[in-house]
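*Asks:* Quick one: this structure, given as structure tokens, is what I'll be asking you about.
Nothing in this text is a laboratory measurement; each read-out follows from the coordinates by a stated rule. Treat the numbers as computed from the prediction; the structure is a model and nothing was measured. Here the Cβ positions follow ideal geometry from the backbone for every residue, glycine too, while neighbour counts run over all protein chains shown.
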Amino acid sequence: MKRITLTQFLIENQRKAHVTADLRLLIEVVARAVKAISCNVAKGALAGVLGEAGSDNVQGEAQKKLDVIANEILLQANEWGGHLAAMASEEEEGIWKIPSDYPKGGYLLLFDPLDGSSNIDVNISVGTIFSVLRCPRNTVEPNEASFLQPGTAQVAAGYALYGPSTLLILSVGNGVHGFTLDREMGSFVYTHPDLEVPEQTSEYAINSSNARYWEPPVQRYVGELQRGAAGPRGKDYNMRWVASMVADVHRILTRGGVFMYPMDEKNREKGGKLRLMYEANPMAMLVEQAGGAASTGRSRILDVQPERLHQRIPVILGSRSEVEAVERCYREAREGGG
């Protein structure tokens, strides 16, 4: 069987006008950065990259050494290629401008360099999430406002999962496709064509330690799942929670289910837990492209108009029937005055 590489896949999509030449090259640069991050993650203690970095990011969160390394790899790999007008990282306060001695392109890249980094020191899967937007026309010098586009404007989104094997999951607007890193070849090989979120599911992912803080619609929905076959859903469900969004969403993308980090009383003042631009939008694009749904509980994630670069929002995504069931709980609570 012929093995198709990521480069071959992208070239074929360029011929079909699904991607431009610059977007193809940009994705290839991101993929090379992912390979470098994968190497560092795999070495772990052997490379001295575990543990705290001794610094906080713009979110006020303690950084791991690998957070800093992954961020630097992505910034340095992408700033010189000539495909980008600017970048934005979850780890940086403002946008990352392309140095004046490098050529600039027409795209904007956003990324969470190492999602789930709290799992690093216990050797549990982590990942990288990225999103690509077009820089607004007639922009001389990109600024934060240039990035504040709804998720529907994304031209590409993807994530890398650093697990037993390193996977790159990608959408350029024509479905979702998966590639596995062949370390001997040094390239990503097309192994998961046309991924689709299974419609029927018996799994859900949520941090149940926050149950006492959840809004009533979420408490109702999860309560119905926990009642199992004897409850209104008529079947038993399993809860899975890795605390790495990439790992949890990848399981749902392949096995079905629903991932939830809803609004609760702990994160209400911040607007939610997860970042709209770096996590929610790219994952929502992937899940919708795979036939699923992505919602805040009250509205479609991809329709949300960003107001700030580091804006947070509630996230509920996965199998369409389950997302709609959560939305129904919210709707009925509003209609009932709850």
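*Asks:* Ranked highest first by average number of other Cβ atoms within 10 Å, how do 310-317, 169-176 line up? Write out the running numbers ahead of the final one.
*Replies:* Values: 310-317: 23.8, 169-176: 20.5.
Ranking, from highest mean packing down: 310-317, 169-176.
*Asks:* Would you tally the net charge around G292, using a Cβ to Cβ cut-off of less than 10 Å, leaving G292 out, and scoring K and R as +1, D and E as -1? Don't skip to the end; give the middle numbers.
*Replies:* Details: positive: R320; negative: E196, E199, E288, E322.
Summing Lys and Arg as +1 and Asp and Glu as -1 gives -3.
*Asks:* Output the antiparallel fraction of DSSP beta bridges having both residues in the range 6-192, as a percent to the nearest 5. Mind dumping the intermediate values first?
*Replies:* Working: 33 of 38 bridges.
Taking every DSSP beta bridge with both residues in the range 6-192, the antiparallel ones total about 85 percent.
*Asks:* In deg cm²/dmol, rounded to 500, what helix-only [θ] at 222 nm does the chain give when every DSSP H run of at least 4 residues adds -39500 (n - 2.57) and the total is split over its residues? Numbers along the way, then the final one.
*Replies:* Working: 8 runs with 99 residues, N = 338.
Taken over the chain, the calculation gives -9000 deg cm²/dmol.
*Asks:* Give the residue list of GluC sites (Glu not before Pro) in the range 250-338 that are DSSP loop and have at most 14 other beta-carbon atoms within 10 angstrom. Can you show the working numbers first?
*Replies:* Working: sites: E265, E269, E279, E288, E307, E322, E324, E327, E332, E335; in loops: E265, E307.
Here the sparse-neighbourhood loop sites are E265, E307.
*Asks:* If you line up the long axis of helix 65-79 against the longest principal axis of the chain, both from Cα atoms, how many degrees apart are they, to the nearest 10?
*Replies:* That helix lies at roughly 50 degrees to the long axis.
*Asks:* A further question on this structure: Please go through the range 111-218 and write out the trypsin sites (Lys or Arg not before Pro) that DSSP classes as loop and that have at most 15 other C-beta atoms within 10 Å.
*Replies:* Details: sites: R134, R137, R183, R212; in loops: R137, R183.
Within the range 111-218, the qualifying trypsin sites (Lys or Arg not before Pro) (loop, at most 15 other Cβ atoms within 10 Å) are R137, R183.
*Asks:* R0 = 56 Å: FRET efficiency of E224 with D101, Cβ-based, nearest 0.05? Kindly include the intermediate steps, with their values, before the conclusion.
*Replies:* Numbers: r = 59 Å, r/R0 = 1.05.
Efficiency, rounded to the nearest 0.05: 0.45.
*Asks:* Still on this structure: List, in the order given, every pair from K2/K35; K43/K64; K97/K273; K43/K65; K35/K64 whose Cα-Cα distance in the structure shown is over 24 Å.
*Replies:* On the way: K2/K35 22 Å; K43/K64 15 Å; K97/K273 27 Å; K43/K65 13 Å; K35/K64 19 Å.
Distance filter (> 24 Å) returns K97/K273.
*Asks:* If you don't mind, another one. What percentages make up the Cα-Cα pair-distance distribution of the range 6-192 when the bins are 5 Å wide from 0?
*Replies:* Computed distribution, short to long bins: 1, 8, 17, 20, 20, 16, 11, 5, 1, 0.
*Asks:* Cα to Cα, under 26 Å, and not fewer than 8 places away if on the same chain: which lysines meet these conditions relative to K235?
*Replies:* none
*Asks:* Kirkwood-based Rg over Rh for the chain (C-alpha set), two decimals?
*Replies:* On the way: Rg = 19.6 Å, Rh = 20.4 Å.
Expressed as Rg/Rh, it is 0.96.
*Asks:* Could you let me know the centre-to-centre spacing of the range 1-19 and the range 250-300, using Cα atoms, in angstrom?
*Replies:* Using only Cα atoms, the two centres lie 29 Å from each other.
*Asks:* So if each residue of separation counts as 0.36 nm, and I subtract the Cα-Cα distance between K235 and D182, what length gain in nm does that give? Show your work: numbers first, answer last.
*Replies:* Numbers: separation 53, 0.36 × 53 = 19.08 nm, distance 3.97 nm.
In short, 15.1 nm is gained.
*Asks:* Suppose R0 equals 35 Å; then what is the FRET efficiency for A21 and T152 from their Cβ-Cβ distance, rounded to the nearest 0.05? Write down the numbers at each step before the final one.
*Replies:* Values: r = 24 Å, r/R0 = 0.68.
So the FRET efficiency works out to roughly 0.90.
*Asks:* What relative contact order, as a whole-number percentage, does the chain give when Cα pairs under 8 Å and 6 or more residues apart are counted?
*Replies:* On the way: 701 pairs, mean separation 50.6, N = 338.
Across the chain, relative contact order equals 15 percent.
*Asks:* What does DSSP give for the range 203-335 in terms of the percent of beta bridges that are antiparallel, rounded to the nearest 5?
*Replies:* Working: 11 of 15 bridges.
Among the beta bridges of the range 203-335, antiparallel pairing accounts for roughly 75 percent.
*Asks:* If you line up the long axis of helix 245-255 against the longest principal axis of the chain, both from Cα atoms, how many degrees apart are they, to the nearest 10?
*Replies:* 70
*Asks:* Over the range 203-335, what is the relative contact order in whole percent, taking alpha-carbon pairs under 8 Å and six or more residues apart?
*Replies:* On the way: 213 pairs, mean separation 37.1, N = 133.
The normalised contact order for the range 203-335 reaches 28 percent.
*Asks:* Label A36 and E265 with points 7 Å out from Cα along Cα→Cβ: what is the distance between them in nm?
*Replies:* The modelled label-to-label distance comes out at 4.6 nm.
*Asks:* On a 0 to 90° scale, report how tilted helix 6-15 is relative to the longest principal axis of the chain, with both axes built from alpha carbons and the result rounded to the nearest 10.
*Replies:* The angle comes out near 90 degrees.
*Asks:* Then there is this: Taking the radius of gyration and the Kirkwood hydrodynamic radius from Cα positions alone, what is the Rg/Rh ratio for the range 208-308, to two decimal places? Could the numbers behind the result be given before it?
*Replies:* Details: Rg = 14.2 Å, Rh = 14.8 Å.
Rounded to two decimals, Rg/Rh equals 0.96.
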